[in-house]
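Note sheet for the following structure.
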Amino acid sequence: MIILRLIGESFRFALDALRQNKTRTMLSLLGITIGIFTIIFVFSAVDTLRGKLQASIDKLGSSTVFVQKWPWGGFGDYPWWKYVNRPEPSLRDYEGLKDRLEYVEGVSYEISANGRTIKYRSNSVEGGAIRAASQDFNKTWNLDFQEGRYFTESEGKSGSPVVIIGADIADGLFNGEPAIGKAISVMGRRLTVVGVFKKEGEDMMGMSQDKNILMPLNFAKGIMDVESDRYDPTITVRGKDYVALEEVESEIRGALRGIRRTKPGVEDDFALNKSTIASNQLDQMFGVVDIAGWVIGGFSILVGGFGIANIMFVSVKERTNIIGIQKSLGAKNYFILLQFLFEAIALCLLGGAFGLLLVYLFTVALTAGGFEMTLFMKNIVLGFTISVVIGVISGFWPAYSASRLDPVEAIRS
């Protein structure tokens, strides 16, 4: 009860200081406010971006491995000269892996070509992304349809002129009419629409089926060189859920080295990419941003801490005779120390609350402007925690000096 009463009195003293010396107190709190605003705003922005990017990466699948020429990365000390002469994944590699792998749900060979025009009668859509894939594409990716279906086994094997289109492509060509059964023109060929992907919306990494069209790989062989590096050939392997990704990766590596007849001790001439690589790169990148936020906000908080300490020394000076009276009536040293320490914490919490309010107003403004940003509860807790820590550090010495005052000398002052 004494501690609760102390806390209540400390907040009352802090509010009195704010009310009686508005300018002085607000200027001192400004450093805490700016510091908390900087740190929490940076963390909120980083957490929002990280969440959106991670959601995009999660679409790749936690049990999926991508066999490609280039390892993911491409910045810093990326040794591109080691990889430039590697062969692209080939149909021979795909057929070999499909026959040899046991711990997998599916293996698909995929290519892509961007910036194509898709036509239907007098309507056309620019910038469509053409993708061609083998039959197991629906096993290596999660596909949702708003109309129609996936390719049948016979359509995939025979290379039938059928196609699945994205929602944006369907809207641009058919203006809301049913798309199934209609014939569209792609690269001078007519293909019949058998399915429409469910609308996903654009994500941070541009990974969406909305502007894609998907055709069987065996049909694509007749209109393009599916093994050319122009089309970024990729072998996608999804492992079984009960098998560790490391085991799937090891099985792929062993099988592909055998297919390519790579000698023991010779480095792999292929890359096995997975979503954890991208996640780790995100963590490294945003870790640097977090440090920058701590450094920039830390200077403001440091200045604010000196301001709070200055206010507390002034407060001790102004209430010296009251301290003397309290001690003469039996108040212990710890009581005086806690009284001023809680007052410093209360002032810092006020500054932190103002900083968090600014962050919230900025998130509302940015969200209204089209960039969705969230102030997470963990960042609110962090903001108040920092405020309490700064209050303890900046208020301890003034509180300690107040607790050590001689009651007789204090009353005389």
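The values are calculated or read from the model by the stated rules, or taken from the named source; none is laboratory data. If you're wondering where the values come from, they're calculated on a predicted model, not measured in any experiment. Cβ sites come from the backbone with ideal geometry, for glycine too, and all protein chains shown count toward neighbours. Ligands, DNA and RNA are stripped out before the accessible areas are found, and what is left, the full protein with its side chains, is counted by its heavy atoms. Shrake-Rupley method; radii C 1.70, N 1.55, O 1.52, S 1.80 Å.
Determine the sum of side-chain charges near residue 111: Lys and Arg each +1, Asp and Glu each -1, restricted to other residues whose C-beta is under 12 angstrom from that of residue 111. It would help to have the intermediate numbers written out before the result.
Working: positive: 131, 221, 230; negative: 88, 110, 225, 227, 229, 232.
That works out to -3.
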- Item | All-pairs alpha carbon distance profile, segment 210-340, 5 Å steps from 0, percent | 2, 6, 8, 9, 8, 9, 8, 6, 5, 4, 4, 4, 5, 5, 5, 5, 4, 2, 1, 0
- Message: Whole-Hz ³J(HN,Hα) for each residue in segment 327-333, computed from phi via Karplus 6.51 cos²θ - 1.76 cosθ + 1.60 with θ = phi - 60°, x for glycine and proline: what do you get?
- Response: 5, 5, 8, x, 5, 6, 4
- Note on the structure: Helix 22-58: inclination vs the chain longest Cα principal axis, degrees, rounded to 10, gives 20 degrees
- Query: Non-local amide H neighbours of residue 147 (under 5 Å, H modeled in plane, Pro and chain starts lacking H): which ones?
  - Reply: 196
- Query: Within the set 52/199; 157/211; 211/240; 240/274, which residue pairs have Cα atoms separated by over 22 Å?
  - Reply: 157/211; 211/240
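When the Cα atoms of segment 139-256 are enclosed in a convex hull and the volume is divided per residue, what value in Å³ results?
Values: hull volume 17.9 nm³, N = 118.
That works out to 152 Å³ per residue.
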- Item | Shape of segment 205-271, Cα gyration tensor, a/c cut at 1.5 | oblate
- Note on the structure: Of 37, 340, 371, the most mobile residue in a GNM of the chain (C-alpha springs, cutoff 10 Å) is 371
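Could you work out the local net charge near residue 125, counting Lys and Arg as +1, Asp and Glu as -1, over the other residues with Cβ closer than 12 Å to its Cβ?
Working: positive: 116, 119, 211; negative: 126, 168, 171, 210.
So the environment of residue 125 carries a net charge of -1.
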- How much area per residue is accessible in segment 322-413 when the probe is 1.4 Å and only protein heavy atoms are counted (Å²)? 52 Å²
- To one decimal place, what Kirkwood hydrodynamic radius in Å is obtained for segment 37-180 from all pairs of distinct Cα atoms? 19.1 Å
- Query: What is the Å³ per residue value for the convex hull set by the Cα atoms of segment 265-413?
  - Reply: 181 Å³
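Using helices alone, what [θ] at 222 nm do you get for the chain, with -39,500 (n - 2.57) per DSSP H run of 4 or more residues, divided over all residues and rounded to the nearest 500?
On the way: 14 runs with 229 residues, N = 413.
When only DSSP H runs of four or more count, the value is -18500 deg cm²/dmol.
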- Item | For segment 299-384: relative contact order, % (alpha-carbon pairs under 8 angstrom, 6 or more apart) | 25 percent
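Determine the sum of side-chain charges near residue 386: Lys and Arg each +1, Asp and Glu each -1, restricted to other residues whose C-beta is under 15 angstrom from that of residue 386. List each step's numbers first, then the result.
Details: positive: 378; negative: 290.
Combined, the nearby Lys, Arg, Asp and Glu give 0.
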- Query: Here are several values of log10 I(q)/I(0) by the Debye sum over Cα atoms at q = 0.08, 0.14 Å⁻¹: [x] -0.65, -1.18; [y] -0.45, -1.39; [z] -0.42, -1.25. Which one was derived from the coordinates shown?
  - Reply: [x]
